[in-house]
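Colleague: Pasting a structure here, questions to come.
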Amino acid sequence: MITCYIVDADNDAISVLRGLIAKVSGIKIIGTSCDPYQALDYLINNKESPDLTFLDVDLPGLSGMDIAENIKLTTTIIFTTKVKDYAYDAFERQAFDYLLKPVAQKRLLQCISRYQSLFNKKIMLLQHLTERTFFYIKSEVKGRFTRINFVDINFIEAALNYVIIHQDDMRFITYLTMNEVQQHLPPDHFTRIHKSYIINNLKIKAIEKNNITMRDKTILVLGHAYKEAFTQLIRKDLVFTKRKALRT
């Protein structure tokens, strides 16, 4: 089941969109908001982010573009607006679609169907990745392939047209892009923290501000564009007390 959240300054617009979405099978609305600050707080801090967020552009105090900049790594954004002029800015923020109000049922169905197709492919890919524990890469020796076990990887580093796979006691260099490698890694255990780094979450030793220390003592920098998604990931496993600190 695909989940979605609606952010719109107009309650009537939310009601209309609710009615349209209700006619589409396989999608569930988990929340709505007319308050952009409340919506941003929910979308950033809620442990279960919606798969889709229908986001109005013209909001009081905080624009939909500002919200999109902060949530684009945690939810798929579909803009809903009366104005055509924001389309370029919307897709600059990795929007999945741009729906003009009044939203037509047929247009909404096309949008959601296209997302459902990608969503189902992603689910199949995730299932496949969770079943595998390794992949093979071409080595520097012609005709030789090296097996890389996921559990042995500390982190992966971009190096021009190559990537370097770092393990405890050795490194492997292969002609691949970071995106190509990431597609073959189980997403529950590997996280992109920088345009140049993918880390094995199980090999993190400590986190201090924007520095991540790995178990092999390598210190990696957390990139600004990846910070919010990584912070949310860490929060899910953070153990803390709600008690007040003892006074001495």
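The values are calculated or read from the model by the stated rules, or taken from the named source; none is laboratory data. Since this is a predicted model, take the numbers as computed values, not measurements. Neighbour counts are summed over all protein chains in view; Cβ atoms, including those assigned to glycine, are modelled from backbone coordinates with ideal geometry.
Colleague: Using beta carbons and a limit of 6 Å, which pairs, at least six apart or on different chains, have the first residue in the range 155-175 and in the same structural domain as P187 (by TED's automatic domain parsing) and over 14 Å from K203 (Cα atoms) and the second one among the aromatic types (F, W, Y) and assigned to a loop (DSSP other than H, G, I, E, B)?
Modeller: From residues that are in the same structural domain as P187 (by TED's automatic domain parsing) and over 14 Å from K203 (Cα atoms), the pairs are Y162/Y175.
Colleague: Then there's this: Tell me, which residue of the range 78-119 that is among the β-branched types (V, I, T) and modelled with pLDDT of 85 or more is nearest to the chain's Cα centre (by Cα)?
Modeller: Keep residues of the range 78-119 that are among the β-branched types (V, I, T), which gives 78, 80-81, 83, 103, 112.
Applying the additional criterion that residues be modelled with pLDDT of 85 or more yields 78, 80-81, 103, 112.
Working: I78: 15, T80: 21, T81: 24, V103: 26, I112: 18 Å.
Residue satisfying both the conditions and the ranking: I78.
Colleague: Looking at H194, H166, which one is in contact with a helix residue (DSSP H, G or I) (Cβ under 8 Å, 6 or more places away or on another chain) and either closer than 26 Å to E69 by Cβ or surrounded by 14 or more Cβ atoms within 10 Å (Cβ to Cβ) (or both)?
Modeller: Numbers: H166 fails: in contact with a helix residue (DSSP H, G or I) (Cβ under 8 Å, 6 or more places away or on another chain).
After ruling out the rest, the residue left standing is H194.
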